[in-house]
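Here the structure comes first, spelled out in structure tokens, and everything after it is commentary.
The values are calculated or read from the model by the stated rules, or taken from the named source; none is laboratory data. The structure presented is a predicted model; accordingly, all values stated were derived computationally and were not measured. Heads up, the Cβs are rebuilt from the backbone with ideal geometry, glycines too, and the neighbour counts pull from every protein chain shown.
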């Protein structure tokens, strides 16, 4: 793996941050977070406090991938909204500084739950945590995109048609072998794309429990992370994506699934309960054909994972276990086919 992914030059970055980030002084260390697959992320420790640096990986990238500039924009736009986000300080678009685009944001000290069963909290807190995720998702989809200056953050309408085209192309660009289940799924999706119903909202694109920082003691989200895939789109895409974890077994890729778990005993809502609560919060009667949205989410995640595996082959993946992720493309496609059976 390229050392450029793993480390940054303190002597170069320190003076740059002091000149461009208000109040920044005395850079002492930069440490890469071990988790994460896409954009390398670092904890920056300085005399003035702790920060987070998120960068594009170096090397040749797929078109529209690793858009840290879009992340920075949406985080800045949501600063005073009902969606909890980290405060952003500076976007560097000069690739000569560290070799790629990057931005600096606040370090939010709290809890990240990597296991969606959240075994180390009480039943009451577990139930509250899932309800909080539902609340934040509903708040995200009710953001006024005009008032937040995000009306041009994506193309309104025909979201699933455009997303299918994008991720099909990226899957083909990073395909390492033929996966029959993925071929069957892609053909089915192409034939069953829903008509545009006019729903347009800000969507996160990777809405899951381990992309949130919770308060250190309260069941409250203090920052929703990893906005690389955010755009204007159809809100049901995020709902379907969130519900994938209920259908996935534990240990599949980077999402810790809940398949086979006793949800009642865990005090975790079923898929139907979670969707019904979301619908109540957003004022809609229900979501028809929900299996499509789940299947589409599996397809998109499989395409993303294939891209991560391809970067590992090319030598510029952010995570040391990236190459192994390619093994999950086929079972994810099979889970998608199960959702639409």
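Computed values, structure above
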| item | result |
| --- | --- |
| Subset of the range 73-117 (residues that are touching a helix residue (DSSP H, G or I) at 6+ places or on another chain (Cβ under 7 Å) and free of Cβ contacts under 8 Å to residues at least 24 places away in the same chain) | 88, 91 |
| Where residue 313 falls short, out of the listed (1) over 21 Å from residue 181 (Cα atoms); (2) modelled with pLDDT of 95 or more; (3) surrounded by fewer than 19 Cβ atoms within 10 Å (Cβ to Cβ) | (2) |
| The range 200-226, residues that are within 21 Å of residue 72 (Cβ to Cβ) and part of a strand (DSSP E or B) | 201, 202, 203, 212, 213, 221, 222, 223, 224 |
| Test for residue 135: is it modelled with pLDDT under 95, in a helix (DSSP H, G or I) and either closer than 30 Å to residue 266 by Cβ or touching a strand residue (DSSP E or B) at 6+ places or on another chain (Cβ under 9 Å) (or both) | no |
| Residue count, the range 116-131 (criterion: part of a helix (DSSP H, G or I) and surrounded by fewer than 19 Cβ atoms within 10 Å (Cβ to Cβ)) | 6 |
| Subset of the range 80-105 (residues that are under 18 Å from residue 136 (Cβ atoms) and over 18 Å from the mean Cα position of the chain (by Cα)) | 80, 81, 82 |
| Some residue of the range 93-104 being over 25 Å from residue 307 (Cβ atoms), modelled with pLDDT of 95 or more, in a strand (DSSP E or B) and in contact with a strand residue (DSSP E or B) (Cβ under 8 Å, 6 or more places away or on another chain) | yes |
| Residue match in the range 232-253 (condition: within 28 Å of residue 74 (Cα to Cα), touching a strand residue (DSSP E or B) at 6+ places or on another chain (Cβ under 9 Å), assigned to a loop (DSSP other than H, G, I, E, B) and modelled with pLDDT of 95 or more) | yes |
